[in-house]
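Report on one structure; see the data block that follows.
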Amino acid sequence: RRPRLPAEHPTHPVWRLVLSFIALRSCAAFYLPGLAPVSFCEEGTSGDECQSTIQLFVNRLDSVESVLPYEYDVFDFCQDAEEKRPSENLGQVLFGERIETSPYKFNFNKNLTCEKVCTRTYDISAKDDKKKLDFLKSGMQGSKCPLTPKLIIDNMPVTWCYNVEDNQKYCNPGFPIGCLVTPDGHPKDACVINSAFNKKNMYYLFNHVDIMITYHSGATEGWKGARLVGATLEPKSIKHEDENKLTCDGPPMEIPNEFTSNTKVTYSYSVKFVENNSIKWASRWDYILVSMPHTNIQWFSIMNSLVIVLFLSGMVAMIMLRTLHKDIARYNQVDQEEAQEESGWKQVHGDVFRPPRKGMLLSVFLGQGTQIFIMTFTTLFLACLGFLSPANRGALMTCAVVLWVLLGTPAGYVSARLYKTFGGEKWKTNVLLTALLCPGIVFADFFLMNLILWVEGSSAAIPFGTLVAILALWFGISMPLTFIGAYFGFKKPSLEQPVRTNQIPRQIPEQSFFTKPIPGIIMGGILPFGCIFIQLFFILNSIWSHQMYYMFGFLFLVFIILLITCSEATILLCYFHLCAEDYHWWWRSFLTSGFTAVYLFIYAVHYFFSKLQIVGAASTILYFGYTMIMVLIFFLFTGTIGFFACFWFVNKIYSVVKVD
Ligand SMILES: *[C@@H]1O[C@H](CO)[C@@H](O)[C@H](O)[C@H]1NC(C)=O
Ligand SMILES: *[C@@H]1O[C@H](CO)[C@@H](O)[C@H](O)[C@H]1NC(C)=O
């Protein structure tokens, strides 16, 4: 086997600029074992090194209108005789990907014109046929976008490229199954591409695809065969008059709205192979990625976030260096007599480490938050290194789930240690809650979603076996690991505090509006959210509008920015509160940055109404079900960041003042 080629950096100039600027050159995609190139060669010359048959796979069908995807099988398309599914990883199953073999099969470098796949006939006297045809029509009908199946060849999407405004090309990794011209004569998006689609109340089925495959030949580079570097298709609607002698020049394949006469649909395809040695295998995804004109917006988003970070850092630096310094110098003056009335944060030194109310819940949240934080960091880091590129389907989700399971130990440890520090005694409850509370909520939510999917018969429903496997991972691996972490956490002494806590709690003076808890918490989340909302738009797009997400370099940067803003905003507000002699900072620091999750929720609601055209109760419930999971995870994540930043800050400032 040939050694893998070192990866090429994506060639787009903006990309290059991005990568060199943020010095994350290593974030450029490179490919992994298991994703090594496959060589193809013509029939008769194939051997160990290359194969001649090309198999197309087909993924689930989905549309922007419905979050419920459908399996290819449920439609009455041509089916592959020997059905075999490629093995899927956990992430793919969780995301509802169902890849199966398609009936399109051909040999490398053998052009085919107008090849028949199969013929489907619909008889008006057969009840079943009407149902099948109606279902097919319902797939074409969607108020804006018909369902789009996704063909996959050599682990790469077959894209449908078309011109959008200003002569830009947009490549879509799926194609519509057909389109409907509404009774008032309005063609839907997919119908606009052909002016022959002009009959009112008529369905036009795309029963023919022209596939063009671009390959990179190894002949001049000394290796055998060729690698596929691009695949595009063009859907066409052709009525084949004679199903045994296809010519592919008939009128469009029309299916009237009323089923009044027998209908016959013949599916066909053509394949064309084109050699282009200037496209490298390692950068074969680039044309899909750069055809998405997002990079500028990404830049805007990063700049926007950097401004916020600079602003906050300036504030924090000012406080740290000037105010705090002055405070500490004043507090520590030896010759200072009692005469000067003390005020400010030093006053609360006897209360600032008073254990919080509901310390159990806080410690459990923090344990879970730590687990999520490490998981997110590691996943993003790996994604950024290219290990989880879009070419490696489902890898991101698999990686996240596996990491989460393995990170039970830090969760147990952090939760136990903090709980002990808070003076808690019910350690068994603490351990069990750490292992069960948040995963339990997520699982219950997930399970309910699945019930809905099962009832709706969607392919996104997770098979029962996978659900059992998830439970096994949770109870069999994650929970014991949490117990181990908790054991070590409880064995250690509780965290040492720089000042002693007084017996009697101090009265908290009347607070101004801005230092009251609720306004502080609400304000705290605004800045971190401001840093992420543009990125959030792309993430939501990739989840709900089925667009590909690949900008992990950016995402990693945004992650770091979020980390900094959450910490700084919390420290800043914490300082103001302590100066106002309000010492209840434990929960408040968690909630201040955790409130970002509430903004996330509001944004998700806004996104739902402004961007998605989801119809149907099931889809809506699913959307909000998944959103709730996201919000909960994000709440724990940001809250934990804020808490530990503030914890560090409070420890620091009280350890430098002299307290008698
Ligand atoms: C297939 O068609 C393309 C485009 O028409 C042509 O360039 C190529 O030589 C053909 N290949 C074969 C093997 O005939
Ligand atoms: C090969 O692909 C490159 C990049 O897409 C394109 O610019 C070039 O025109 C293609 N060459 C041929 C011979 O088609």
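Could you count how many residues in the range 182-230 are crowded, with 20+ Cβ neighbours inside 10 Å and at pLDDT below 80?
Counting residues in the range 182-230 that are crowded, with 20+ Cβ neighbours inside 10 Å and at pLDDT below 80 gives 4.
With 243, 234 as the choices, which residue is within 22 Å of residue 160 (Cβ to Cβ) and touching a residue at least 12 places away in the same chain (Cβ under 8 Å)?
234
Could we say that residue 484 is closer than 24 Å to residue 638 by Cβ and part of a helix (DSSP H, G or I) here?
Numbers: closer than 24 Å to residue 638 by Cβ: no; part of a helix (DSSP H, G or I): yes.
It is false that residue 484 is closer than 24 Å to residue 638 by Cβ and part of a helix (DSSP H, G or I).
Please determine, by comparing only the residues of the range 497-537 that are surrounded by 14 or more Cβ atoms within 10 Å (Cβ to Cβ) and of a type in the set (Phe, Trp, Tyr), which one is nearest to residue 639 (Cα to Cα).
Filtering the range 497-537 for residues that are surrounded by 14 or more Cβ atoms within 10 Å (Cβ to Cβ) and of a type in the set (Phe, Trp, Tyr), the one nearest to residue 639 (Cα to Cα) comes out as 529.
Under 8 Å by Cβ, and 6 or more places apart or on different chains, what pairs join a residue from the range 211-222 that is within 18 Å of residue 106 (Cβ to Cβ) with one that is hydroxyl-bearing (Ser, Thr, Tyr) and more than 16 Å from ligand 1 (Cβ to nearest atom)?
Filtered contacts from the range 211-222: 211/104.
Among the residues of the range 220-246, count how many are under 35 Å from the mean Cα position of the chain (by Cα), hydrophobic (A, V, I, L, M, F, W, C) and more than 16 Å from ligand 1 (Cβ to nearest atom).
Summing the residues that are under 35 Å from the mean Cα position of the chain (by Cα), hydrophobic (A, V, I, L, M, F, W, C) and more than 16 Å from ligand 1 (Cβ to nearest atom) in the range 220-246 gives 0.
Could you run through the range 247-280 and say how many residues are under 30 Å from residue 228 (Cα atoms), surrounded by fewer than 21 Cβ atoms within 10 Å (Cβ to Cβ) and away from ligand 1 (no atom under 16 Å from the Cβ)?
Matching residues across the range 247-280 total 3.
Any chance the range 516-530 includes a residue that's at pLDDT 85 or above and under 30 Å from residue 394 (Cβ atoms)?
There is at least one residue in the range 516-530 that is at pLDDT 85 or above and under 30 Å from residue 394 (Cβ atoms).
Restricting to the range 258-284, name every residue that is in a strand (DSSP E or B), within 16 Å of ligand 2 (Cβ to nearest atom) and of a type in the set (Phe, Trp, Tyr).
273
For the range 423-444: of the residues being in contact with a Phe, Trp or Tyr (Cβ under 8 Å, 6 or more places away or on another chain) and more than 18 Å from residue 471 (Cβ to Cβ), which is surrounded by the fewest Cβ atoms within 10 Å (Cβ to Cβ)?
Within the range 423-444, the match that is surrounded by the fewest Cβ atoms within 10 Å (Cβ to Cβ) is 427.
Let's see how each residue does on (1) touching a helix residue (DSSP H, G or I) at 6+ places or on another chain (Cβ under 8 Å); (2) within 16 Å of ligand 1 (Cβ to nearest atom):
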{"site": "106", "(1), (2)": "no, yes"}
{"site": "110", "(1), (2)": "no, yes"}
{"site": "113", "(1), (2)": "no, yes"}
{"site": "125", "(1), (2)": "no, no"}
{"site": "128", "(1), (2)": "no, no"}
{"site": "137", "(1), (2)": "no, no"}
{"site": "147", "(1), (2)": "yes, no"}
{"site": "158", "(1), (2)": "no, no"}
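Does the range 595-638 hold any residues that are farther than 20 Å from residue 537 by Cβ and touching a Cys at 6+ places or on another chain (Cβ under 9 Å), and which are they?
The answer is 632, 636.
Any idea which of (1) touching a Ser or Thr at 6+ places or on another chain (Cβ under 6 Å); (2) modelled with pLDDT under 85; (3) basic (Lys, Arg) is the one residue 116 doesn't satisfy?
Only one criterion in (1) touching a Ser or Thr at 6+ places or on another chain (Cβ under 6 Å); (2) modelled with pLDDT under 85; (3) basic (Lys, Arg) is unmet by residue 116, namely (2).
The conditions are (1) at pLDDT below 85; (2) within 16 Å of ligand 2 (Cβ to nearest atom), and residue 178 fails exactly one of them. Which is it?
(2)
Could you tell me whether any residue of the range 584-591 is under 17 Å from residue 563 (Cα atoms) and without any contact (Cβ under 8 Å) to a residue 60 or more places away in the chain?
Yes, because at least one residue in the range 584-591 is under 17 Å from residue 563 (Cα atoms) and without any contact (Cβ under 8 Å) to a residue 60 or more places away in the chain.
Based on this model, can you work out whether residue 537 counts as out of contact with any Leu (no Cβ under 7 Å at 6 or more places or on another chain) and farther than 17 Å from residue 588 by Cα?
Working: out of contact with any Leu (no Cβ under 7 Å at 6 or more places or on another chain): yes; farther than 17 Å from residue 588 by Cα: yes.
For residue 537, the condition - out of contact with any Leu (no Cβ under 7 Å at 6 or more places or on another chain) and farther than 17 Å from residue 588 by Cα - is met.
The values are calculated or read from the model by the stated rules, or taken from the named source; none is laboratory data. Values in this document were obtained by computation on a predicted structure and should not be read as measured data. Here the Cβ is made from the backbone with ideal geometry for all residues, glycine too, and neighbour counts use every protein chain on show.
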